[in-house]
Protein chains: 2
Amino acid sequence: MSAQPADPTCPVARTVDIVGDKWSLLIIRDAFDGIRRFNQFQRDLGIARNILAARLRDLVHAGILRVENATGGSAYQEYVLTDKGEDLFDLIVSLRQWGQAHAFAPGEPHSVLIDATTGEPVPRLSYTTPDGGRIQARQARVRKVGEP
Amino acid sequence: MSAQPADPTCPVARTVDIVGDKWSLLIIRDAFDGIRRFNQFQRDLGIARNILAARLRDLVHAGILRVENATGGSAYQEYVLTDKGEDLFDLIVSLRQWGQAHAFAPGEPHSVLIDATTGEPVPRLSYTTPDGGRIQARQARVRKVGEP
DNA sequence: CCGTATCCATTCCGATACTG
DNA sequence: CAGTATCGGAATGGATACGG
């Protein structure tokens, strides 16, 4: 996205540089929702076609989307998430959960995440360590590389 | 950020509209790292001063940062995360974890998250339901409001 | 249907200078 | 130190038109 990440050793900065853009994030969201074709993205997002083409190209180049030939006789292409792209699921979940909590008036309707196997709404997810522990923002510090 | 969210019922779109911007995300990251003053942000990010002023204003207006009088005799102001802003911790963690996994070459050094109480690096966090379950991307679907 | 190309307006951004 | 003001270049964005 930009020439120089602010801090080249910070993983947050690296990620922001790759997907830290309104349209990229919404395209990825759509991809998780099963959208695969150019015009589907275009209509769903209301994005200009030239911008969409540029973003799709960048995301493919970044290894987040992959171009696939459509099933059936048509020669048209589709854009699907790679494994690297699917690993952005947590990021989209984070965006979704914060929005649900802080960007809607009480009682205002919004879309929700559904467990496809049970059909039930997914409850609020929280980050846990492998042994079930939690980390609060206040407990966490960033250690720069090279520091003791 | 923009006038019209693509889909007004989607929490992802709402969040992206508020913080889905390179500089906003990096400012929030810095705020979690304890940066509080205008010139600290400016030097750390290398951002233009007028852009920084605009972003800080927007983030304060969005209720993510709050202006506080600096301690001590100085009359200078500081920018600190509100509770709403601290709830973006998971989002920053998501950015960080994806970057660590996918945006660095093997062995390339990067900053890490540290548990402030133990001093130990925070292990890989994963999203779990309140009863300890996990949700994979493939299992999840978005149900639009109004759908059965 | 899938893109690319072009035009034009708007915004963004960085650099610099300036004020309290 | 903490901003505001301005300026010019670059990127973004929307609309439309065009070819595979």
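Just so it is clear, none of the values below were taken in a lab; they were calculated from the coordinates. Quick caveat: nothing in here was measured; it's all calculated off a predicted structure. A quick note on method: Cβ atoms are made from the backbone with ideal geometry, for glycine too, and the neighbour counts reach across all protein chains shown.
Data for the structure
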quantity: Rel. contact order, % - alpha carbon contacts under 8 angstrom, at least six apart, chain B; calculated: 15 percent
quantity: Other protein chain Cβ atoms within 10 Å, averaged over every residue that makes up B:52-64; calculated: 0
quantity: Sites B:Lys144 and A:Val145, calculated FRET efficiency, Cβ-Cβ separation with R0 51 Å, nearest 0.05; calculated: 0.70
quantity: Average beta-carbon neighbours from other chains, 10 Å sphere, peptide A:83-92; calculated: 6
quantity: Vicinal HN-Hα couplings computed from phi for the range B:125-142 (Karplus, 6.51 cos²θ - 1.76 cosθ + 1.60; Hz; Gly/Pro x); calculated: 9, 9, 6, 10, 6, x, 9, x, x, 10, 10, 9, 4, 5, 7, 9, 10, 9
quantity: FRET efficiency, B:Ala101 to B:Ile51 (Cβ-Cβ, R0 25 Å, nearest 0.05); calculated: 0.25
quantity: Taking B:Glu78, A:Glu108 and counting other C-beta atoms within 10 Å, the order from fewest to most; calculated: A:Glu108, B:Glu78
quantity: Extension gain from A:Arg124 to A:Val60, taking 0.36 nm per residue of separation minus the Cα-Cα distance; calculated: 19.9 nm
quantity: Inter-centroid distance (Cα atoms) of the range B:91-117 relative to the range A:87-112, Å; calculated: 23 Å
quantity: For chain A, built as a Gaussian network whose Cα springs stay under 10 Å, the top-fluctuating residue of A:Arg49, A:Arg66, A:Arg134; calculated: A:Arg134
quantity: Pairwise label distance in nanometres, A:Ala116 with A:Gln40, each label 7 Å out on the Cα-Cβ vector; calculated: 1.2 nm
quantity: Per-residue average of Cβ from other chains inside 10 Å of B:22-30; calculated: 5
quantity: Dipole magnitude of the range A:11-139 about its Cα centre (Cβ charges: Lys, Arg +1; Asp, Glu -1), debye to nearest 20; calculated: 380 debye
quantity: Charge dipole magnitude, Cβ of K and R +1, D and E -1 - the protein assembly as shown, Cα centre, debye nearest 20; calculated: 520 debye
quantity: Under 18 Å from the Cα of B:Lys144 - aspartates and glutamates, other chains or at least 8 residues apart; calculated: A:Asp30, A:Asp33, A:Asp44, A:Glu108, A:Asp115, A:Glu120, B:Asp7
quantity: DSSP-assigned coil residues among chymotrypsin sites (Phe, Trp or Tyr not before Pro) in the range B:74-148, each with at most 16 further Cβ atoms within 10 Å; calculated: B:Tyr76, B:Phe104
quantity: Inter-site label distance for A:Ala137 and A:Thr9 at 7 Å from Cα along Cβ, in nm; calculated: 2.5 nm
quantity: Residue list for the range A:19-47, given a label point 7 angstrom along the Cα-to-Cβ vector of A:Glu68 and an amide N cut-off under 17 Å; calculated: A:28-41
